[in-house]
Structures are given as C-alpha cells and as structure tokens.
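The block underneath contains the structure these notes are about, expressed in structure tokens.
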Amino acid sequence: MRKGAFTKVVLAGHSLGSSVVFDVASKYPGDADGVIITGMAHRFGAGIASVFPALLWPALTEPRFHTLGPAYLTTRPGTRGELFYDTANADPEVIATDEVTKGTTAVPEAATFLPYLIDGTTSRIHVPALVVLGQQDRLFCGGVTGTDCTSSRTLLDQERPCYPPDAGLEAFVLPDAGHDINLQRGSHVWFDVVGEWLSRRFPS
C-alpha cells in the first residue's frame, strides 16, 4: 500500500473486516499508522453457539441468492435484529432495511478470521490501536468464557495482553448496542470517541 499524498493512514475494519486489518497491519509494518478494530475481540460470547444456525444459513434457500452455490451463507430470514442489534435502542426501519439488503459470505471466507485470533497476529501490530464493541454484542460479549463488555475498562483489560505495549491499546464499549454499532441509535457516541482518538493520536 502506498500512502501517496496522505501523511497518515489509519486502517479501520468491522467484524470480519477487522481480520483484514489484523492481517495487513501485522504483515506490512509501516504501511499503516494506526488501526481501529470494531466488532471483533479475542473471546467469543458464551451464547455464540446458539446463534450459529441463524448465522450460517444456506444462501441458496432464498430467492435473492438462489443461483449461488452451497458454499455461500447468509443469515436466517428475520433474524438480523436479534443477531446484530440491541433492538430496544434501534430503529425498526433500519433493521428491516438491513434484512432486505443483507449480503452473503462464503465458507472459505468466513473461516479466514479465526486464525488471526489464536496465532498471535495482533501481537505483531506495532501502531496505535483502538478496539470498539457494542455492550450487547452477542457474538463476542458475555459469559465466563466471553469478552467482558461491562465497561471500556473491562474490555481493555481483556484485550490488552493480545497487543504489544507499543500499540498503546485503547478500548471503548458502546452502551445499548449490539454487533452493528454503526446502525444503533447511539452510534454517534462512538463516532465522537474515534474522532477524539484520531485527533489525539495523530494531531495535524
């Protein structure tokens, strides 16, 4: 990656996209000056197994995706709200739009992110890092074995050992939010947090 006219480049990813950020930032030091990781942590929520059937729905069973092969997955019809939102703090029209415009993933693609969480990839990220999760993220938060999303401090305490000291890891938990932090009613709160983080870490 070439920075071109930009003096600073910060990579940002969400969910599976965060694993792309892990990969690039760890393999190509110097290409990125910072990373923002959202919707991804190193511990899965205790209830994730219960939502697998809805997350791994054969896409070809739906009219929109009937021409795709069996390796393509989507979410079970009508489950976007329960999977990805704190529904008490979300606009029902946003959830409905999310449902009708949802996309697909493929089994090989979905399988790529797990190694990044267990092979020490993030320990090779030597630039400022910010991790953000929704407090009600069903994929990563909750239970004895899951990420403690009670507060930004508990998230930081659990994620910090996975990054090197020079990453200066910071963390933020967005209250009343599920996995899709950008589509919750309170999304502006974390937008302000990341804006402040960028200004402080990379002053113009």
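Summary table
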read-out: Carbon + sulfur, % of accessible area of the chain - ligands and nucleic acids excluded, 1.4 Å; value: 61
read-out: Inverse mean reciprocal Cα-Cα distance (Kirkwood Rh) of segment 91-167, Å; value: 15.1
read-out: Percentage of interatomic Cα-Cα distances in segment 24-176 larger than 25 Å; value: 39
read-out: Cut-off 14 Å, label 7 Å out along Cα→Cβ of residue 94, residues of segment 157-182 by amide N; value: 174-182
read-out: Under-5 Å amide H pairs with residue 32, H placed in peptide plane, nonlocal only; value: none
read-out: Cα pair distances of segment 41-85 binned at 5 Å [whole percent]; value: 5, 21, 25, 20, 15, 9, 4, 0
read-out: Distance between modelled label sites at residue 151 and residue 66, nm, 7 Å Cα→Cβ extension; value: 5.4
read-out: Under 5 Å, built H, 5+ apart or other chain: amide partners of residue 15; value: 38, 39, 40
read-out: Solvent-accessible heavy-atom area per residue, rounded to whole Å², over the chain at 1.4 Å; value: 50
read-out: Spacing of the two label points (7 Å from each Cα toward its C-beta) at residue 101 and residue 118, in nm; value: 3.5
read-out: Cut-off 10 Å between beta-carbons: net charge of the residues surrounding residue 39, Lys and Arg +1, Asp and Glu -1; value: -2
read-out: Solvent-accessible surface ranking, highest first, for 87, 75 at 1.4 angstrom; value: 87, 75
read-out: Charge dipole magnitude, Cβ of K and R +1, D and E -1 - the chain, Cα centre, debye nearest 20; value: 460
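The values are calculated or read from the model by the stated rules, or taken from the named source; none is laboratory data. All values derive from a computational prediction rather than experimental measurement. Cβ atoms come from the backbone with ideal geometry, glycine included; neighbour counts cover every protein chain shown. Quick note on the areas: whole protein, heavy atoms, side chains included, nothing else; ligands and nucleic acids left out. Shrake-Rupley method; radii C 1.70, N 1.55, O 1.52, S 1.80 Å.
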